[in-house]
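Student: Before I ask anything, here is the structure I am working with.
Nothing in this text is a laboratory measurement; each read-out follows from the coordinates by a stated rule. Since we're looking at a predicted model, the values are computed, not measured. A quick note on method: Cβ atoms are made from the backbone with ideal geometry, for glycine too, and the neighbour counts reach across all protein chains shown.
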Amino acid sequence: MSLLRKLLSVGLLLSSACAAPARSTETARAQAAPTAPDPVYVFEGVEVFGLRKLPRDEVLKLIGMPAPGTRFNLEQGEFTPYLLESKPRLLAAHPLPFCRYSMVTYPPTHTFRVTVDLVEPGDEGRMRFDPPPTGTVEDPEGLIAAWGAYQQTYWKLRREGAVPEKSVGGCQALTCYGGFNHPQLAPLEANFVDGVPRNTAALVRVLREDQDDSKRMTAAILLSYVRSREELVRYLVPAVRDPFEGVRNEALRLLGTAQEGQPKVLIPLEPVLEALAFPLSTDRNKAAWALVRVVETEGAARRAHILEQSGDVLLEMAGMQQAIDREPARKVLTVLAGRDLGEDVNAWREWVARTRTAPAAP
C-alpha cells in the first residue's frame, strides 16, 4: 500500500472536508477521461501536541523538518526519510512513554502538515485504554470480508481517478467515506444494507472480543448501517477505550455523527471528554467534533464541567495551525462562550481563566 493511500485510508482518515470546484462546459470535456490524483503536496510545517514540561523550542529543534513550502511527491515517499530520521533523534534525547508522528493531507489545496503527538513521563494517565481482546469471532455472513473487497475496488478506482479524491456520503449508512456512487461500487452496498441489521449482535461481538484490530475497526464501520442512533451509541461507547487507534477513531467519528442534528443529547459526555486527552490527533479531533455536536444540542448547560475537565486541551487545540484540531475546539469554545472571540488564542485563554474562577450562577 502506498504512503498516500495509507494517509487517506478509510479507517485512519484525518483530513477535513473539501469543496468541489466549479466545472465549465469547456473544462468538463477535458475532464471526461479519468486522471490520477496529483501526488505532489506542499509541506506546511510541524507542530507538537502534549508538551507539559519539556521546552517546546528544544523539542522542535530535535524534530527538525524541512522548510515550510517545500514540495514532496508523497506517492514516491520523498518525505519519508525526514520521518524516519526525526523520531529516533527525538527519543534519544527524551525517552517518552509515547511518541507518534502523524501526517495530515488536505487534498483541495494539496498541502500537508505533521503533528508530533507525545506523552511525557508522569502523564501516562492519558493512555488508559482497555486490554487487547484475545478472542476470535467468526465473520458474520462474510460481511467484514465483503467490506474489505469493497475497499479494494474503491481504492483501485481512486488511484485511476474514477472517483473523487475526497468523498463523504453516497451510501445508505449513517455516514461513510468513499461511498457507492460508481457503477462498479453500487451493487456492493445491498449486502451491508440487508446483512448488518440481521447480524448486529455478531458484529458487536467482533467489536468487543476479536483480537484482530482490523476486524474490530471494520465492525465499527459496518455498525453505521444500524437503523437506530440510540442503539448505535450503545454499541460504540465502550469502543472509545479500545487499545487500537483505528477502532477509537471510527467509534468517536460515528458517535459525533449520531449526535448531529438531534433534538436531545444521545451520547454520554464523560467518554468524549476523556478521549479529548488521549495521545493521538485521531482521538482528540474526533472527540472534539463529538463534543461540538453535544454543545450544539444543549448549549452551554455543562460549560463549567467541560472547562474544568477539558479546558486546557481545548485551548491547546484552538491554538494549533492544524485545522483538524483547531476548528472543532474553537467551535466548542464559541458555543460555551456564547460569542466568537476570534483567532487570538490568548483571548480564549483569558476567557477560560475568568470563567473558571467566576462564581456559579444561581
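Student: Can you put Leu91, Leu118, Leu333 in order, fewest other beta carbons within 10 Å first?
Tutor: The order, fewest Cβ neighbours first, is Leu91, Leu118, Leu333.
Student: What order do you get for Asp340, Asp117 when you list them from fewest to most C-beta neighbours inside 10 Å?
Tutor: Ranking Asp340, Asp117 by Cβ neighbours within 10 Å, fewest first, gives Asp340, Asp117.
Student: Let's see if you can work this out: charge +1 on each Lys and Arg Cβ, -1 on each Asp and Glu Cβ, no other charges. What is the dipole magnitude of segment 128-227 about its Cα centre, in debye to the nearest 20?
Tutor: 280 debye
Student: Can you tell me the relative contact order of segment 128-227? Whole percent, Cα pairs under 8 Å, sequence separation 6 or more.
Tutor: Taking the mean separation of contacting Cα pairs over the length of segment 128-227, I get 35 percent.
Student: Can you give the net charge of the other residues whose Cβ lies under 10 Å from the Cβ of Tyr225, counting K and R as +1 and D and E as -1?
Tutor: Computed value for this residue: -1.
Student: Taking 8 Å as the Cα distance limit and 6 or more residues as the minimum spacing, I'd like the relative contact order of segment 236-362 as a percentage.
Tutor: It comes to 21 percent, rounded to a whole number.
Student: Multiply the residue separation of Ala93 and Arg198 by 0.36 nm, subtract the distance between their alpha-carbon atoms, and state the gained length in nm to one decimal.
Tutor: 32.5 nm
Student: Consider all pairwise Cα distances in segment 234-288 and report the whole-number % of them above 17 Å.
Tutor: Every Cα pair in segment 234-288 considered, those over 17 Å come to 25 percent.
Student: OK, next. Å³ per residue of the Cα convex hull, for segment 262-362?
Tutor: 97 Å³
Student: Further question on the same structure: Let me have the relative contact order for segment 67-144, percent, based on Cα pairs under 8 Å that are six or more residues apart.
Tutor: Relative CO of segment 67-144 lands at 19 percent.
Student: Which values of log₁₀ I(q)/I(0), to two decimal places, follow from the Debye formula for segment 36-127 at q = 0.22, 0.26 Å⁻¹ with a uniform point scatterer at every Cα?
Tutor: Calculated log10 I(q)/I(0) at the listed q: -1.08, -1.36.
Student: Now a separate question. When the helix-only estimate is applied to the chain (DSSP H runs of n ≥ 4, each -39,500 (n - 2.57), divided by the residue count), what is the mean residue ellipticity at 222 nm, nearest 500 deg cm²/dmol?
Tutor: It comes out at -14500 deg cm²/dmol, rounded to the nearest 500.
Student: Between segment 298-362 and segment 58-99, how many Å separate their Cα centres?
Tutor: Between the Cα centres of segment 298-362 and segment 58-99 lies a distance of 31 Å.
Student: Name the residue from Met320, Phe244, Val193 whose Cα lies farthest towards the positive end of the charge dipole of the chain, charges +1 on Cβ of Lys and Arg and -1 on Cβ of Asp and Glu.
Tutor: The Cα lying farthest towards the positive end belongs to Met320.
Student: Thr136 to Gln172: FRET efficiency via 1/(1 + (r/R0)^6), r the Cβ-Cβ distance, R0 30 Å, to the nearest 0.05?
Tutor: Efficiency computed from Cβ-Cβ geometry: 0.50.
Student: Something else now. Which net charge results when you count Lys and Arg as +1 and Asp and Glu as -1 among the other residues whose beta-carbon is under 14 Å from that of Arg89?
Tutor: 0
Student: On to the next question. Calculate, in whole percent, how much of the Cα-Cα pair population of segment 128-227 lies beyond 24 Å.
Tutor: Tail of the P(r) past 24 Å holds 26 percent of the pairs.
Student: Let me spell out the model: positive unit charges on the Cβ of Lys and Arg, negative unit charges on the Cβ of Asp and Glu, origin at the Cα centre of segment 98-183. What dipole size does that give, in debye rounded to 20?
Tutor: Here the size comes out at about 440 debye.
Student: Report the extension gain between Ala149 and Val265 in nm, rounded to one decimal, defined as 0.36 nm multiplied by the number of residues separating them, less their alpha carbon distance.
Tutor: Length gained, Ala149 through Val265: 38.2 nm.
Student: Are any of the pairs Lys61/Lys286; Lys264/Lys286; Lys215/Lys286 more than 24 Å apart by Cα-Cα distance, and if so, which?
Tutor: Lys61/Lys286
Student: Continuing with this model, one more query. Just rank Val196, Val233, fewest to most, by other beta-carbon atoms within 10 angstrom.
Tutor: Sorted ascending by nearby Cβ count, the order is Val233, Val196.
Student: Right, another one. Test of the criteria: in segment 243-285, which GluC sites (Glu not before Pro) are in a DSSP loop and have at most 13 other Cβ atoms within 10 angstrom of their Cβ?
Tutor: When the GluC sites (Glu not before Pro) of segment 243-285 are filtered for loop state and at most 13 Cβ neighbours within 10 Å, nothing remains.
Student: Once fully extended, how much extra length lies between Ala347 and Gln309, figured as 0.36 nm per residue of separation less the alpha-carbon to alpha-carbon distance?
Tutor: Fully extending the segment from Ala347 to Gln309 adds 11.7 nm.
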